[in-house]
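Report on the structure given below.
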Amino acid sequence: MTTAGLNIGITGYANAGGSGVVAGELGRQLARRGHTIHFIADAPPFRFAHFAEHVQYHEVAVPDCPPLKHPPYTLALAARMAEVSRQFALDILHVHYALPHAAAGILAQSILDRPQRPKLVTTLHGTDVTRIGSAASLYEVTSFCLRASNAVTAVSHSLQRAALDRFPDGARIEVIPNFVDLETFAPARSPGARARDAGDDVLLAHVSSFRSVKRPADAVRVLAAVNATRPARLILIGDGPEMPAVVREVEQLGLRDRVQMLGQRLDVQEILSGCDVFLLPSAEESFGLAALEAMACGVPAVTSDVGGLAELIENGNGGYRVASGDIAAMAGRVLDIVADCDTLELQRTEARRRAARFDAQLIVPMYEDLYMRTLT
Ligand code: GMT
């Protein structure tokens with residue numbers, strides 16, 4: 001068997017969360033490298049607006065059955081995984097975010113006769129093991145999923161440690177870090193990419209799923225602190241449950257004309273390219289893909305010092321990490337980065353250089369290698 005030409009099923013959350021983005025981008029990269037990709041999910045992956053060769057999408061239809069209190073998504077997914085595996089002779093089923101995807105994969109394997117069974121690779125992304133999977137009601141099933149997968153990966157060493165702490169009898173967990181396509185996420189070619197009206201103001205950006213774990217209101221507080229010293233603006237990309245709290249913070253701090261809320265965007269790289277500093281004030285972050293994408297665009301990142309961010313950001317070289325919730329420290333680091341043109345330019349160059357360590361061309365072959373080891 002050669003590395004090229006595998007039939008790979010990929011399941012993830014199709015929404016804009018980081019694990020869904022990784023699942024979609026991995027599929028795109030693997031298809032470019034000659035594999036055939038079958039996305040099996042309830043919606044096509046986020047950022048897949050255009051046709052891509054060697055990529056198919058198999059929708060999971062969840063029946064609406066009045067006697068059932070909860071829609072049986074996991075079961076419908078398992079059935080679809082089994083069908084697609086049989087029909088397209090899948091070699092690998094690669095699921096992103098352990099629950100419920102790994103459980104569905106294990107059930108799909110059991111449905112199939114042994115020769116038809118694809119190997120199951122489970123990639124852990126963070127809250128799937130640190131929060132949801134560790135909840136008392138789900139612990140047993142998560143633990144089983146880790147043991148029963150043919151291979152398990154984590155997106156950072158920090159997450160690998162967190163998973164092994166919680167699931168010490170879990171399978172061997174390998175680290176394959178997240179990656180970025182350096183051609184798509186690249187510094188702006190023209191200053192036109194800079195947000196209109198920003199002028200010489202310090203332009204900050206925050207991209208997230210606006211869940212409480214992201215502490216997005218802190219980005220607004222950092223804006224206020226920076227703006228007290230130098231005129232500044234903040235661009236917010238994404239949406240989620242914390243958005244009303246963010247809007248309240250903007251109003252209370254009198255920053256309505258300083259904040260632009262853009263919602264979900266497909267052109268995030270173009271917007272990021274025109275910004276000066278990216279903010280990621282999360283309480284927890286297994287990797288921090290949004291910061292990596294910003295850095296690849298040449299935007300230094302100021303983040304909280306949590307989880308896997310230490311593996312991405314080296315203080316002073318294209319970004320800084322500060323204690324989560326320390327608004328003054330975050331604002332101080334922003335002001336350090338934009339202190340003068342030379343410093344900003346140096347930090348921009350360093351950010352791109354650091355991001356290059358996570359080039360898709362370097363990381364995706366690690367998955368191919370894992371697939372081959374799992375198959376032999
Ligand atoms: O936190 C999110 O925005 C979503 C979440 C997910 O699983 O969709 O993100 C996690 O996975 C990303 C991709 O691997 C990582 O970059 C994020 O750090 C991680 N989020 C957390 O750990 C809180």
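When DSSP beta bridges are restricted to pairs lying wholly in the chain, around 0% turn out antiparallel.
With an 8 Å cut-off on Cα pairs and a minimum separation of 6 or more residues, tell me the relative contact order of region 1-144 in percent. Could you put the intermediate results ahead of the total?
Values: 254 pairs, mean separation 32.1, N = 144.
Worked out over region 1-144, it gives 22 percent.
Region 125-153 and region 3-61 have Cα centres separated by 22 Å.
Taking a ≥ b ≥ c as the square roots of the eigenvalues of the Cα gyration tensor, region 305-370 is oblate, since a/c reaches 1.5 or more and a/b is not larger than b/c. The value of relative contact order for region 264-376, using C-alpha pairs under 8 Å at least six residues apart, is 25 percent.
Multiply the residue separation of Arg265 and Thr184 by 0.36 nm, subtract the distance between their alpha-carbon atoms, and state the gained length in nm to one decimal.
27.7 nm
Take the chain, connect every pair of alpha-carbon atoms lying under 10 Å apart with a spring to form a Gaussian network, then pick out the residue of Thr229, Thr153, Thr303 with the largest mean-square fluctuation. Greatest mean-square fluctuation among the candidates belongs to Thr229.
Once the Cβ-Cβ distance of Asn7 and Arg166 is raised to the sixth power relative to R0 = 35 Å, the FRET efficiency obtained is 0.60. With respect to the chain, whose longest principal axis is taken over its alpha-carbon atoms, helix 327-337 is tilted by about 80°.
Based on C-alpha pairs under 8 angstrom that are at least 6 apart in sequence, the chain has a relative contact order of 14 percent.
In this structure, Asp369 and Ala89 have a Cβ-Cβ separation that, at R0 = 22 Å, corresponds to a calculated FRET efficiency of about 0.55.
The 3J(HN,Hα) values that the Karplus relation (6.51, -1.76, 1.60; θ = phi - 60°) gives for region 362-371 are, in residue order, 8, 8, 4, x, 5, 5, 4, 4, 4, 4 Hz. Gly and Pro appear as x. A Förster radius of 30 Å combined with the Cβ-Cβ distance from Ala52 to Glu251 puts the calculated FRET efficiency at roughly 0.10.
Scanning residues 5 or more positions from His94 or on other chains, those with amide H under 5 Å from its amide H are Gly9, Ile10, Thr11, Val121, with H placed 1.01 Å from N in the peptide plane.
Look at where the Cα atoms of region 262-289 and of region 293-310 average out, and the two centres are 9 Å apart.
Close amide-amide hydrogen proximity is noted between Ala154 and Leu124, Glu174, Val175, Ile176, each under 5 Å apart and 5 or more residues distant or on a separate chain (H modeled in the peptide plane; Pro and chain starts excluded).
Rolling a 1.4 Å probe across the protein heavy atoms gives region 140-236 an accessible surface of 43 Å² per residue.
For region 131-174, just say rounded, prolate or oblate: build the C-alpha gyration tensor, square-root its eigenvalues into a ≥ b ≥ c, call rounded for a/c under 1.5, and beyond that prolate if a/b exceeds b/c, oblate if not. Because a/c hits 1.5 or more and a/b fails to exceed b/c, region 131-174 counts as oblate.
Taking the accessible area of region 117-225, probe 1.4 Å, and keeping the other protein chains in place, the carbon and sulfur fraction comes to 49%.
Once backbone amide H atoms are built at 1.01 Å from N, Gly298 has Arg352 as its partners under 5 Å, excluding neighbours fewer than 5 places away on the same chain.
The values are calculated or read from the model by the stated rules, or taken from the named source; none is laboratory data. Please read these numbers as outputs of a predicted model, since none were measured by experiment. Every residue, glycine as well, gets a Cβ built from its backbone with ideal geometry; the counts of neighbours run over all protein chains shown. We work out accessible area using only protein heavy atoms, side chains counted, and drop any ligands, DNA or RNA first. Shrake-Rupley method; radii C 1.70, N 1.55, O 1.52, S 1.80 Å.
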